[in-house]
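Worksheet: the structure to be examined is printed underneath.
The values are calculated or read from the model by the stated rules, or taken from the named source; none is laboratory data. Keep in mind the model is a prediction, meaning the values are calculated, not measured. We place every Cβ from the backbone using ideal geometry, glycine too, and count neighbours over all the protein chains shown.
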């Protein structure tokens with residue numbers, strides 16, 4: 001701290017925290033769609049601060065700690081308050097407990113990530129990343145609003161989805177990260193075509209596209225881990241035989 005701090009990456013982190021705080025205020029006021037968009041914007045800043053820090057070689061322990069605190073606000077507390085005020089509040093204590101479960105599992109996920117960064121946590125993630133879990137809730141709110149102005153108050157489906165997201169965050173399942181894609185190396189031509197296609201689909205209908213992408217990432221992780229589990233199980237049986 002006596003040597004000072006790097007302004008650019010930490011400023012981006014604080015911007016992400018600001019949008020997380022803004023999402024909290026919007027959710028409390030009942031402006032759920034604006035809160036959801038604020039969480040998605042915070043997701044962009046969360047990716048930018050780490051990318052800029054690595055690009056400029058300005059990664060510090062202070063920045064990592066600040067990033068975790070920002071993530072807890074933007075992707076832990078803000079989505080928990082959003083899903084509670086948007087849908088779970090009429091359920092009473094179960095709804096409040098589920099919202100708290102999401103927030104505390106997000107905090108546990110961040111704490112585990114911090115201690116595993118040097119060793120186990122390299123390219124892929126252990127457990128569902130907290131920004132991805134928050135994005136599922138945010139895109140769900142935006143997607144639902146596209147078809148109905150009335151929030152799904154007391155929805156059991158939303159309750160179970162929130163519980164599943166919470167469990168996945170603290171699970172040991174492997175989820176892929178953007179860091180696995182080395183942008184410095186040459187890629188096949190279809191990779192660029194695929195990227196352009198994603199942008200096109202998003203521009204055509206953002207609510208449906210963003211929710212589809214978020215759920216696809218979630219389901220792909222579950223399917224892949226299920227496949228790997230049965231593959232290991234089959235290998236053990238073959239070895240034992």
Does residue 101 count as modelled with pLDDT of 95 or more, closer than 15 Å to residue 159 by Cβ and out of contact with any strand residue (DSSP E or B) (no Cβ under 9 Å at 6 or more places or on another chain)?
yes
Looking for whichever is modelled with pLDDT under 95 and within 30 Å of residue 208 (Cβ to Cβ) here; the options are 66, 88, 24, 12. Which one fits?
12
Is it the case that region 43-52 has a residue that's touching a residue at least 60 places away in the same chain (Cβ under 8 Å), exposed (fewer than 15 other Cβ atoms within 10 Å of the Cβ), within 27 Å of residue 207 (Cα to Cα) and out of contact with any strand residue (DSSP E or B) (no Cβ under 7 Å at 6 or more places or on another chain)?
yes
Near pairs, Cβ below 7 angstrom, 6+ apart or cross-chain, from region 150-167 (modelled with pLDDT of 95 or more) to any residue that is in a loop (DSSP other than H, G, I, E, B)
158/152; 165/128
Within region 54-76, considering residues that are surrounded by 15 or more Cβ atoms within 10 Å (Cβ to Cβ) and under 28 Å from residue 202 (Cα atoms), the one nearest to the chain's Cα centre (by Cα)
75
Restricting region 156-177 to residues that are in contact with a helix residue (DSSP H, G or I) (Cβ under 7 Å, 6 or more places away or on another chain) and part of a loop (DSSP other than H, G, I, E, B), the residue that is farthest from residue 97 (Cα to Cα)
173
Looking at region 207-223, can you tell me whether even one residue there is under 18 Å from residue 172 (Cβ atoms), at pLDDT 80 or above and either loosely packed, with under 10 Cβ neighbours inside 10 Å or over 19 Å from the mean Cα position of the chain (by Cα) (or both)?
no
Taking residue 109, is it loosely packed, with under 14 Cβ neighbours inside 10 Å, in a helix (DSSP H, G or I) and either touching a strand residue (DSSP E or B) at 6+ places or on another chain (Cβ under 9 Å) or at pLDDT below 95 (or both)?
no
Exactly one of 24, 12, 8, 64 is under 30 Å from residue 158 (Cα atoms) and either in a helix (DSSP H, G or I) or touching a residue at least 60 places away in the same chain (Cβ under 8 Å) (or both), and that one is 24
Residue 153 is checked against (1) in a loop (DSSP other than H, G, I, E, B); (2) loosely packed, with under 10 Cβ neighbours inside 10 Å and fails just one. What number does that condition carry?
(2)
